Every structure is written in C-alpha cells, then in structure tokens.
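Structure first, commentary second.
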Amino acid sequence: MRKNPIILVLIGLLFIGFTSCKEVTPSPTPTLPTAASAGTADFSKYIAVGNSLTAGLTNGGLYNDGMQYAFPNLLAGQFAQVGGGAFVQPTFGTGKENGSGFLKLTDLKPTIVNETSSLAIIGVGADGKTNLLEKYTGDLNNLGIPGIKVAEVTTAGYGFNNAAGFNNYFERLLGTSDATSSYVDFVTAKAAGVTFFSCWMGGNDVLRYAVEGGATPEFITPTTVFEANYKTLLDKFGSAKGILITIPKLTYAAHFTTVTLVNLQAAVKAGGGPDNADIYITEGTGATVRKATAEDFFLLGKQTNYASLGKTDAGANNGFPYGLHPNNPLGTNLVLDKTEAAACNTAVDAYNAAIKTEADARGLAYLDINTILGQAATANGVTLNGITYRTAFIQGGIFSLDGIHLTPAGNAVATNEMIKVINAKYGSTIPELNNALYSTLILSK
C-alpha cells in the first residue's frame, strides 16, 4: 500500500535534529550543601494542588513511571533534606501501573504508539464514554487533578460518576462519603495540618479551549471567575507558607508550535500539490473562511486531518480540494486562529497578574515559569549544567510526546526554578536537583 506523502513529510519535519535519547536514573542520594536549612519555612507536611502538571501527567497519560517525576514528588524529595515529611502520590496498583495509558516512542523514525498493557481502566462511567480508573484510597499529598480548571474548583459533583459527565481522575480519589464533593472541599479535608503547599493551576482555563481550536462547547474562563475561585482555594491553606506558579504561555508549548503553515505547504508539495499552496481555514465560530497565515496555530495530534489536504473526498464540501479551496476549508476545531490565540494570551496574562497579586498579598513565594520557558523557546535555548534545553517537539527535551506536559528533565528544570524562589523567599538552603540526571524522552521497547 502506498504511504501518504503528507504524513511522511509531516513526521519527518517533526523529527529534524533529533539524534538520540536515553534513560537516566535520578541519583537516590543528592549531594547536600554544607548548611542545608528550611529557613523560616516548615516542610513537615507538604500538599500540592493543581492540574495535570501537578499530578505528573506526561506523554498524554497518567501512569506510575511518569508520576515519580512529577514536580511535587521531586520537590518533596529535596524538602526531605531540610526536615520535610513523607509525600504520598495516588499511584496505580500492581498490574495496573500504566494507569490511563500513554504515548511512547518506539523508534527513531519516529514511531509514536499508545501503551495498551497494564492499564488501570476498570470500566466506563454512567455517561457511556468516560473511562473509570482504579480507585485510590489512603493518605495523599499530591492533589493534582488532570483536566481541572480553576473555574471548576467549587463545582459540587465534579468527580461524581453520572450521566452528564465527570472528571475520572478526580472520581478515582473519592469515596462514598465524599463522592459529590467539590475540589475545594476535597482539598480542605486533605490539607489539615498543612505547613507548606504549592499551587500550579489555571492552564486548563484556556488550554481546553485552545486544543479544540476554540470550538464549542469549551470557553475561556472569565478573569473575575478565575480570581474569585483562586482566592477561595488559597484560603483553605490559612497561614501556611507556599509557592504559587504562573500559567505557561500557550505559544511556548510544542503542541501549538510544531506543525506550521510552512510544514503543511511543504507536505502538500511533496504530495504532488502546488508550491507554497494557500491553505484555507475556518475562523472562530465558522462564519469566516480565509487563507492561513504564520500567526495561526496548527495543532499537534491533528496530523491525520492535515494528511487529507488536497483530497476531494475529504472535508465538509466534497468535490473541492480539502483545505486548498475556500469552499472546503479546514474546520475551526483544527486551527487555533490568530484571534483565538490572542484571546488566550490575554486571558493568561490576566490570570498570571492575579496569581502575582495573591502571592504578594499572602506573602508567598512566586515563580513566573515563563521566564525559563521564554529562554528555552529561543533559538539558543537555555543551557543548564552543560545541557541545552529547548521547547521544540521531541528534540527540545522539555515537553513530552503530547507537546504540553513535561518530561522528567522538564520537571527537574521547573523544580529547580521553584527551589530558587523558595530559598529566596524563606531564607532556606534547599539543595537543587542535578538536572543532568533526568531523561528527556526515552525509547520504549
């Protein structure tokens, strides 16, 4: 069977510059500075709240090997050197270690496939589509919930298995007595006696809109709702010390920067189409069709759709070459157009301003993660301990195979940035991780 040249060119373009990858095991005994100290902070009970970045989701899934490199787990390991207590994560049981499943790289072509063995999927929810995951019970310090928005933290029944839909990552942490609890209620119950906390949250308030190309029913959370709910969540930690982390800019994520207009035009040409072909997209709600520009963002994971460019039997209006004619453009869910992207960036800026305001008002440590990501997004990248990291897909080292979540190395880099601001704020001398000991992407067997 003849392989689709558009898919082959797209895959090749994604992989330019990649040379090798290897698995590195973190050092179990980090070297301590002479006078490691907690300063004015108390790390004896550390709680992490947030979304998928906190939970340790990586490569498009939540699974045990990925969770061990979640930044809260890495951070807790360093806290242990200055009096920090135990840190418990909601791992999956024996034989179900691969949790929700995830993407894995199997060769250097590259080939990316789904892991389907040792999953923790135990059925389907009452809505008929959401996978139920193995329940977790017991002590818990990592309260990260993949997919959650700040707009949803006060929603009762957010994890309740019902026909209208629910968050299955939250559902697996709930029992009979708290099945209909809101996330804020859940945090309140788990945070008793907390002495230090981290909050990295808010990305999904724009991300869920962005990854669907701005298509309904997703929407960008109003800033007033974000501010009110964020305050409500932070109030549950009382006078505990902690750190607040800003929301990454979408334009740094490989999910939005890997497939470009130039890539698609090259793929069309390789498939026998015209040179520098005009590619037509549907803006916003679908009322406007126009030519794509370099300011529009194509989405990683939509390559199957883009592979149909030029076909007359694809798209909503058969008979016209798909995506190459204004009568048969790419659908609005396949492109985050420049107007939608600007709206996302405006919202992220507003959310981050609110996060900074709360950090200042509450005397908390504050990390603008976009400083280090901005450096990594440049052509030269950011060099740490002799290793250069960039935001590029696969070869960049920071983003995992989903183009949004972090690799072990990416988590180590972020953790060290957190340690720096914690030390500066509280006068502590928590040792940093050796980022050279954490892998980027590895080949799976």
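What to note about this one:
- All positions within segment 405-435 that are out of contact with any Gly (no Cβ under 7 Å at 6 or more places or on another chain), assigned to a helix (DSSP H, G or I) and touching a residue at least 60 places away in the same chain (Cβ under 8 Å): 408, 411, 412, 414, 415, 418, 419, 421, 422, 423, 425
- Scanning segment 69-119 for residues that are among the hydroxyl-bearing types (Ser, Thr, Tyr) and in a loop (DSSP other than H, G, I, E, B) returns 69, 91, 94, 100, 116, 117, 118.
- Summed over segment 243-293, residues that are touching a Lys or Arg at 6+ places or on another chain (Cβ under 9 Å) and touching a residue at least 24 places away in the same chain (Cβ under 8 Å) total 12.
- Filtered residues of segment 36-68 (kept if part of a helix (DSSP H, G or I) and within 18 Å of residue 187 (Cβ to Cβ)): 52, 53, 54, 55
- Scope segment 328-362; condition free of Cβ contacts under 8 Å to residues at least 24 places away in the same chain and either crowded, with 20+ Cβ neighbours inside 10 Å or not aliphatic (A, V, I, L, M) (or both); matching residues: 346, 349, 357, 360
- Candidates are the residues of segment 162-175 that are over 29 Å from residue 43 (Cα atoms) and more than 24 Å from the chain's Cα centre (by Cα); the one that is surrounded by the most Cβ atoms within 10 Å (Cβ to Cβ) is 162.
- The listed residue being small (Gly, Ala, Ser) and either out of contact with any Ser or Thr (no Cβ under 7 Å at 6 or more places or on another chain) or within 28 Å of residue 230 (Cα to Cα) (or both), out of 381, 331, 363: 363
- Note on segment 121-155: residues that are under 22 Å from residue 71 (Cβ atoms), of a type in the set (Gly, Ala, Ser) and modelled with pLDDT of 95 or more total 2.
- Scanning segment 363-382 for residues that are outside any helix (DSSP H, G or I), without any contact (Cβ under 8 Å) to a residue 60 or more places away in the chain and buried (at least 18 other Cβ atoms within 10 Å of the Cβ) gives 381, 382.
- Those residues of segment 176-204 which are open to solvent by 40 Å² or more (accessible area, probe 1.4 Å), touching a residue at least 24 places away in the same chain (Cβ under 8 Å) and not in a helix (DSSP H, G or I), in sequence order: 180, 193
- Of everything listed in (1) under 30 Å from residue 428 (Cα atoms); (2) aliphatic (A, V, I, L, M); (3) in contact with a Phe, Trp or Tyr (Cβ under 6 Å, 6 or more places away or on another chain), the single unmet condition for residue 341 is (1).
- In segment 383-401, the condition of being part of a helix (DSSP H, G or I), of a type outside the set (Lys, Arg) and under 26 Å from residue 62 (Cβ atoms) is met by no residue.
- Single residue of 105, 62, 74 found to be surrounded by fewer than 21 Cβ atoms within 10 Å (Cβ to Cβ) and either of a type outside the set (Val, Ile, Thr) or in contact with a strand residue (DSSP E or B) (Cβ under 9 Å, 6 or more places away or on another chain) (or both): 105
- Search result, residues across segment 128-161 that are among the aliphatic types (A, V, I, L, M) and either surrounded by 20 or more Cβ atoms within 10 Å (Cβ to Cβ) or closer than 19 Å to residue 229 by Cβ (or both): 133, 143, 145, 148, 150, 151, 153, 156
The values are calculated or read from the model by the stated rules, or taken from the named source; none is laboratory data. Note that the structure is predicted; figures quoted are calculated from it, not measured. With ideal geometry, Cβ positions are generated from the backbone for all residues, glycine too; neighbour counts draw on all protein chains shown. Note: accessible area is taken over every heavy atom of the protein model, side chains too, but ligands, DNA and RNA are not part of it. Shrake-Rupley method; radii C 1.70, N 1.55, O 1.52, S 1.80 Å.
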